[in-house]
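First up is the structure itself, then whatever we jot down about it.
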Amino acid sequence: ILNPGDEVIIPAPYWVSYPVMVQMADGVPVHVEASEDEDFIISAEKIEAAISEKTKAIIINSPSNPSGAVYSMDDLKAIAEVCKKHNIMIVSDEIYDELTYEGEHASIAAVDEQTKALTLLVNGLSKSYSMTGWRVGYVACDKEIAKVIKAYQSHTASNPNTMAQYASVAALNSDGSDIMTMKRAFDERRKRLHLLINDVDGLSCHMPKGAFYIMMNISKTFGKSYEGKKITSSLDFSKLLLEGEKVAVVPGSAFGADEFVRLSYAVSMANIDEGIRRITAFVKALQ
């Protein structure tokens, strides 16, 4: 959908690949920050302020990786009005749609027919059906755009293997009971992780509403030192935590949010408890 120099608005925090994907298509990523106080939800007003004569598209990711933010239908309707006004395409990444914990998942493509025509809905089987290794995904969009996508894709990756395709059909036709079992487990873990993080002096986080990630605010550790090494960024924090307590987290700088690190709760409750115990020990050792 891009010509060289076209701009794509990307709300931050964002999945690490979005800016690179835009650049690979000869586009220019335009980052617009959604703060923690805004629950990492980008407003229609901020989007409109970022629009230029070169703006071609916006990427919306709900539920979000890395923040777990979930856009309500009211949020999406407001964004849709801006996109229709300026004829901006919407790339809606809904890969975590089944992992929405509070209320129902809302898709911007469902706002109205005009918005639907502007939307490229991206989804897949990796997250909701735990089929990560088979890399099966799909796009629902305008038929003419789909033809171009098909032509491009056929010359790059050919197709997913036959076994993965049959497994995808079985997953999509299933009764959803396995998803609900997984969703309940994730829900328990997100509540536990949220509680444990906010009990640590110097750390905090907002309750995520979808996906299986939490953005932990580490800004109060900036300027402090661990074994003589000063923390000035999320990369410093992550590196020293890994070296000191053998806990791996993802620096928020990778997502355009340097005051945070990303934790995943797609692990056992025991590992969550042990991980936070080690993180707590690390933070208490800061000087």
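The values are calculated or read from the model by the stated rules, or taken from the named source; none is laboratory data. In this text, all values refer to a predicted model and were calculated from it rather than measured experimentally. Every residue, glycine among them, receives a Cβ derived from its backbone with ideal geometry; neighbour counts consider all protein chains shown. In case anyone asks, the SASA skips ligands and DNA or RNA and just uses the protein heavy atoms, side chains included. Shrake-Rupley method; radii C 1.70, N 1.55, O 1.52, S 1.80 Å.
Structural remarks
- Legend: residues MET215, MET163, MET131, sorted from most to least accessible area (1.4 Å probe; ligands, DNA and RNA excluded), read MET163, MET131, MET215.
- For segment 17-139, the average shadow cast by the Cα convex hull is 7.9 nm², which is a quarter of the hull's surface.
- Ranking by accessible area, most exposed first, for SER62, SER225 with a 1.4 Å probe: SER225, SER62
- Cα pair distances of segment 86-219 binned at 5 Å [whole percent]: 2, 9, 14, 16, 17, 15, 12, 8, 5, 2, 0
- Approximate spin-label separation LYS150-VAL200, in nm, with each point projected 7 Å along Cα-to-Cβ: 4.9 nm
- Accessible area (Å², 1.4 Å probe, nearest 10) - THR162: 90 Å²
- Computed over the chain with a Gaussian network model linking Cα atoms closer than 10 Å, the most mobile of ASN173, ASN87, ASN123 is ASN173.
- For SER17, solvent-accessible area (1.4 Å; no DNA, RNA or ligand), Å²: 40 Å²
- MET24 - accessible surface, heavy atoms, 1.4 Å probe, Å² rounded to 10: 150 Å²
- Projected area averaged over orientations for the chain, convex hull of C-alpha atoms, nm²: 16.0 nm²
- Lysines whose Cα lies under 30 Å from that of LYS54, excluding same-chain neighbours fewer than 8 positions away: LYS46, LYS77, LYS84, LYS85, LYS116, LYS143, LYS147, LYS150
- In nm, spacing of pseudo-spin labels at GLU45 and LYS246 (7 Å Cα→C-beta vector): 5.0 nm
- CD proxy at 222 nm, helix term only [per DSSP H run n ≥ 4: -39500 (n - 2.57); per residue of the chain; nearest 500]: -11500 deg cm²/dmol
- Length released on extending from GLN287 to GLU81, taking residue separation times 0.36 nm less the Cα-Cα span: 69.2 nm
- Reference-scaled alpha-carbon Rg (2.2 N^0.38 Å with N residues) for segment 72-162: 1.21
- Cα-based Rg and Dmax for segment 152-196, where Dmax is the largest Cα-Cα distance (Å): 17.1, 48
- Antiparallel DSSP beta bridges within the chain, as percent of all bridges there, nearest 5: 45 percent
- Computed extension length for ALA25-ASP187: 54.6 nm, one decimal, from 0.36 nm per residue of separation with the Cα-Cα distance subtracted.
- Cβ-defined net charge surrounding MET215, 15 Å radius [Lys, Arg +1; Asp, Glu -1]: -3
- Total formal charge among the other residues, if their Cβ is under 13 angstrom from that of GLY5, Lys/Arg +1 and Asp/Glu -1: -2
- THR132-GLU113 pseudo-label distance in nm [points 7 Å out on the Cα-to-Cβ vector]: 4.2 nm
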